[in-house]
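The values are calculated or read from the model by the stated rules, or taken from the named source; none is laboratory data. Source: prediction; values computed, not measured. Here the Cβ is made from the backbone with ideal geometry for all residues, glycine too, and neighbour counts use every protein chain on show.
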Amino acid sequence: MNISMTRAATCAFALCCLAGLRAQTVGPLDGLESKGKAVRIPFERQYPPDQTYAVVVRADLPTIPAKEAHESGFPIQVSDAGWKGPGSMFRAKPAGNLALGEVMKVEHIDYANDHVDLRLVSADPHEIVVDAGRPDRNKREQVVTLLTVPNVAELDQLIGRIDAYVRLFASLDAAREYARTIRDPQPTRRFTLGVVRRDGILVPIASYDNGHWFRRWPLPSSEREVPIGLGDIPADWWGVEGPTTKWTMWTPDNKPLPLQVTAPLAFGAHCLMNVGLRTDFRTNLPHPPLDQHHYPKDGVATTGSIPVEAVNVITADTVTWGSFERLIAPPVNQMELRHFSQLPWSALAQRSITPVKLEVLVLADGNAPDTMTAYFEASKRYAPQDRTVPDPCGVVTFAQGFAHRTLEGVGELDRTSRALVTDCSMWDVEFRKPMGVVRVEGSPIWIIEVSRWGGESYELVRVRETGVSVVLSIPGGSCGKIAS
């Protein structure tokens, strides 16, 4: 969409189509949690037992012959930091690794309270090397691996964790079709997203592969081994498309810039450290100290040829800002009522005369022509109860969420919009900065930086006609506690 069309759509969104803004059921931004065994029904509805197959999407997962597996197989425990095997005391020794693109049958799934076990048996005989010096002794047998995946959130998060290791399909034919193309370059259907810091460090945050979002790049930790050169980066840190030194950076004004990756390096991520990629990006903007928390990010980077659409950041001096602020006031007041018991008596007395002030408004095209989505943050700031204390601090009601202009021209507040009662320090608030939008499978995916006291993260938020949902959340660094 060109600039003039965007401005026209902006005005139409705020002035016309949000009239009579409707509030849907309010819930947390990442949806209701579905823990433990409660995920079984939706999981089996999507992946029926005895009909589900998996395609291996990395080449470092060990396995053992099915004849030696007994009931378990070679157990691999998945975590945010990667995976680990059972250790040297495990009776069966690995017979090599599963191959990239190998098709496995999901023979059994066990749903525990905090994890899900997937028993994977190869659909075809696997080449087992008995003696590297005697290829004539190689065997072809079925192999088995047990994937233990944490299950502490909703179905999408569980699938996202699994996607970093295997792709699930509801039929053997679908699995074989995907496996057939796994090594083919698909620039718009197989790519990785990253953020570019002002110092030129690129941090990969998420990969996409034919309908699947997942993360491979290591997360911040207290200790981290840093590869010496690009050739030393483990192959399975990258997306399915493989390692690359050529990226494209998309700036806030929607200008694509070629990026050349030159080396891996360590950088501070709040009180942790992580590995990033040094690039040739340079800017004249001021560089803060390297140890500054919430180090500025100057753009989104991509592999492949997927474009990143710019978001439209509305400023307070526009007609759109004032119109949206007036429209959002009734829903924000309604959300505040749900926290009535948390408001002190002084705030309750001022509630009807304390205005809702818009603080952030960002627009982007919706998932269909003539639709649009807005992200907003707003607040109601109350006077302090006791002005005699040093640095008096009043209560603040903080609201954030999304709103949509539908095909019918009706404005709707997304059901995930929410409010909380805090104080003027905003110590428990998560502020969101939309950085751009990629469009996959017809749906816009907002790339959002989330900042809070003592930490930051990233979210990929899918926009659909039914509302928004977080498809992937990526930790970006944190500190153990907030300094007093």
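Taken over region 321-337, the residue count meeting the criterion of being under 13 Å from residue 417 (Cβ atoms) and either touching a Phe, Trp or Tyr at 6+ places or on another chain (Cβ under 8 Å) or not assigned by TED's automatic domain parsing to the domain that holds residue 405 (or both) is 1.
You will find that of 205, 182, 159, 109, the residue that is farther than 30 Å from residue 477 by Cβ and not in a loop (DSSP other than H, G, I, E, B) is 109 and no other. Could you list, in sequence order, the residues of region 442-484 that are under 24 Å from residue 308 (Cα atoms) and touching a Pro at 6+ places or on another chain (Cβ under 6 Å)? Once the filter is applied, which keeps residues that are under 24 Å from residue 308 (Cα atoms) and touching a Pro at 6+ places or on another chain (Cβ under 6 Å), region 442-484 yields 446, 448, 457, 463. In region 178-201, the residues that are of a type in the set (S, T, N, Q) reach residues that are assigned to a loop (DSSP other than H, G, I, E, B) with C-beta atoms within less than 6 angstrom, at least six apart or across chains, in these pairs: 188/305; 188/306; 192/239; 192/303.
Taking each residue of region 42-60 that is part of a loop (DSSP other than H, G, I, E, B) and surrounded by 22 or more Cβ atoms within 10 Å (Cβ to Cβ) and looking for partners that are among the hydroxyl-bearing types (Ser, Thr, Tyr) and modelled with pLDDT of 90 or more with beta-carbon atoms closer than 9 Å, six or more apart or interchain, yields 52/171; 57/165. Taking the criterion of being under 25 Å from residue 230 (Cα atoms) and surrounded by fewer than 17 Cβ atoms within 10 Å (Cβ to Cβ), the residues of region 252-272 that qualify are 256, 257, 258, 260, 262, 263, 265, 266, 268.
All of (1) surrounded by fewer than 20 Cβ atoms within 10 Å (Cβ to Cβ); (2) out of contact with any helix residue (DSSP H, G or I) (no Cβ under 9 Å at 6 or more places or on another chain) hold for residue 160 with one exception: (1). Would a scan of region 169-177 turn up a residue that is touching an Asp or Glu at 6+ places or on another chain (Cβ under 9 Å) and outside any strand (DSSP E or B)? Within region 169-177, not a single residue is touching an Asp or Glu at 6+ places or on another chain (Cβ under 9 Å) and outside any strand (DSSP E or B). Kindly indicate whether residue 421 is closer than 26 Å to residue 203 by Cβ and of a type in the set (Val, Ile, Thr). Criteria not met by residue 421. With respect to the conditions (1) in contact with a helix residue (DSSP H, G or I) (Cβ under 9 Å, 6 or more places away or on another chain); (2) assigned to a loop (DSSP other than H, G, I, E, B); (3) not aliphatic (A, V, I, L, M), residue 379 falls short on a single one, namely (2).
Each row is one residue, and each column tells you yes or no for (1) touching a Ser or Thr at 6+ places or on another chain (Cβ under 7 Å); (2) outside the structural domain of residue 297 (by TED's automatic domain parsing); (3) closer than 16 Å to residue 278 by Cβ.
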residue	(1), (2), (3)
182	no, yes, no
198	yes, no, yes
204	yes, no, yes
217	no, no, yes
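Out of everything in region 365-385 that is within 20 Å of residue 316 (Cα to Cα) and touching an Asp or Glu at 6+ places or on another chain (Cβ under 9 Å), what residue ends up being modelled with the lowest pLDDT? For region 365-385, the residue satisfying everything is 372. Among the residues of region 402-425, those that are at pLDDT 90 or above and of a type in the set (S, T, N, Q) comprise 416, 417, 422, 425.
Can you work out which of the residues in region 274-293 that are crowded, with 17+ Cβ neighbours inside 10 Å and closer than 22 Å to residue 457 by Cα is modelled with the lowest pLDDT? Looking at the filtered set, the residue picked out is 293. Taken together, the criteria place residue 232 among residues that are more than 30 Å from residue 309 (Cβ to Cβ), among the acidic types (Asp, Glu) and in contact with a strand residue (DSSP E or B) (Cβ under 8 Å, 6 or more places away or on another chain).
Note on region 190-208: among residues that are more than 14 Å from the chain's Cα centre (by Cα) and closer than 12 Å to residue 303 by Cβ, the one that is modelled with the lowest pLDDT is 190. Filtered by the rule that a residue be surrounded by fewer than 17 Cβ atoms within 10 Å (Cβ to Cβ) and touching a residue at least 24 places away in the same chain (Cβ under 8 Å), region 319-332 gives 319, 321, 330.
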